């Protein structure tokens, strides 16, 4: 899932990544979100937490904000590289 | 693995309150301060943080205008701090640990598997003679030497494996097949009648039949000869060949059977009184634990015990269990005739089963129930068939029965 504020730049970068077979998250700096079932989410490439409560967690990605919706949400691990969120995941939104 | 490292290093669970909690978390992350298990409860946030990092957040707390306080402490540093106040407990735990370390150097259980004719007691006695028993130091046990000794002193053992795992000495045995052993260990042999009777069938595979179907035989009579004469082309006997005679023979015979049971007997009548006591055996010393022990004139004692086992193959010299005492009185009773009858028939069946195990089969039974005084009797005739013949070895003395000079030409052994 790659998100960007500038579509034209993103398109160029994506084209470049496709051309040289490079991972999109590295080239475009997009956030990498991996969902395991409906109870765990791994997030990489993010800047920080904007809001946090048991029902939603709002994160600042490089280009977009990521909103994790659910219930009983807990931050299992939080460091500069990655974040692991546990709980009943109900949805993931990408916002400008 | 991570959580184990956190436990080793020690961590605290802190409560963070205020408006700037997300900012606090982000700054911690940027400065490499690890936070984990973050959760929100009403207006406060809870998170785990390493002890070393806890002292670094003072400035961040001031900057983000949140309040942080410790909720609980976890990990080894705190455990040791708590234990320093319980010196006796720690000393006991260490003593126990070293006692277990010491105890694992000895054998505390002996497991014997696969033995049939050689009893457990025979093996335990033999081990005892070799200075191996419960409590022997493991380093004193040479398993290979012990295997050799077993094979040397027990002829019936064809395979043995002595192994030691934990505090258990395991002995796995395979015994020799008795019938095979008899034949294999004999140089040459003939078959003889085990009892008087009539030959009902005879099929000879090896040897010379000396009787035929329908012949009456007496106990010890030669049935199949293991001495085979070798005829020359001119019909004269050139020598003898000795073999292990082999044949399927059945001898039918009749036998009398008599059994009796008294109408009057003694029986246990339980009074309903019973008690139980707990006991513990440490080495050879037994300790009983009970509040009050009533005295019973007659009591049935049921024993149940277990050896203390910490994990598989690790036993300790401590047994524990219960002794249950059930009081009874002996009363004289007159038994029911039908009950006695069924018991007599049951005895007969057991008797016939024991014969069957010896190769004797019952063909016909003609038994009657009768009364003799205060006894109920079961008597009559049984027609039996024995298919288990006596095997006797032909030894060198047989040479005297053979003609001089011809004995030398005997071909040694079995043709197989």
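In region A:80-91, is there at least one residue being under 14 Å from the mean Cα position of the chain (by Cα), more than 12 Å from chain B (Cβ to nearest Cβ) and free of Cβ contacts under 8 Å to residues at least 12 places away in the same chain? No, region A:80-91 contains no residue that is under 14 Å from the mean Cα position of the chain (by Cα), more than 12 Å from chain B (Cβ to nearest Cβ) and free of Cβ contacts under 8 Å to residues at least 12 places away in the same chain.
Considering only residues of region B:38-58 that are under 56 Å from the mean Cα position of the chain (by Cα) and in contact (Cβ under 8 Å) with a residue 24 or more places away in the chain, which is nearest to the other protein chains (Cβ to nearest Cβ)? Outline the logic, then answer.
Quick first cut of region B:38-58, residues under 56 Å from the mean Cα position of the chain (by Cα) only: B:38-39, B:47-51.
Those left that are additionally in contact (Cβ under 8 Å) with a residue 24 or more places away in the chain: B:47-51.
Details: B:47: 8, B:48: 10, B:49: 11, B:50: 12, B:51: 18 Å.
Among those residues, the one meeting the criterion is B:47.
Can you pull out the residues in region A:54-64 that are within 13 Å of chain B (Cβ to nearest Cβ) and touching a residue at least 12 places away in the same chain (Cβ under 8 Å)? Spell out how you get there, then give the answer.
Taking region A:54-64 first, the residues within 13 Å of chain B (Cβ to nearest Cβ) are A:54-60.
Across region A:54-64, the qualifying residues are A:54, A:55, A:56, A:57, A:59, A:60.
Is it true that some residue in region B:219-234 is at pLDDT below 90, assigned to a loop (DSSP other than H, G, I, E, B), at negative phi and buried (at least 17 other Cβ atoms within 10 Å of the Cβ)? The answer is yes; a qualifying residue exists. Can you name the residue in region B:3-35 that is in contact (Cβ under 8 Å) with a residue 24 or more places away in the chain and under 55 Å from the mean Cα position of the chain (by Cα) and, of all such residues, is nearest to the other protein chains (Cβ to nearest Cβ)? So, considering only residues that are in contact (Cβ under 8 Å) with a residue 24 or more places away in the chain and under 55 Å from the mean Cα position of the chain (by Cα), the one nearest to the other protein chains (Cβ to nearest Cβ) is B:6. Does residue B:62 satisfy the criteria of being over 18 Å from residue A:75 (Cα atoms) and either without any contact (Cβ under 8 Å) to a residue 12 or more places away in the chain or surrounded by 13 or more Cβ atoms within 10 Å (Cβ to Cβ) (or both)? Spelling it out, residue B:62 is indeed over 18 Å from residue A:75 (Cα atoms) and either without any contact (Cβ under 8 Å) to a residue 12 or more places away in the chain or surrounded by 13 or more Cβ atoms within 10 Å (Cβ to Cβ) (or both). Does region B:121-159 hold any residues that are farther than 27 Å from residue B:283 by Cα and crowded, with 17+ Cβ neighbours inside 10 Å, and which are they? Hits for region B:121-159 are B:147, B:149, B:150, B:154, B:157. Restricted to region B:14-114, the set of helices (runs of 4 or more DSSP H) holding at least 1 residues that are over 15 Å from residue A:49 (Cβ atoms) comprises B:51-54, B:58-64, B:76-83, B:87-103.
The values are calculated or read from the model by the stated rules, or taken from the named source; none is laboratory data. Since we're looking at a predicted model, the values are computed, not measured. Counting neighbours? That spans all protein chains shown, and the Cβs are built from the backbone with ideal geometry, glycine included.
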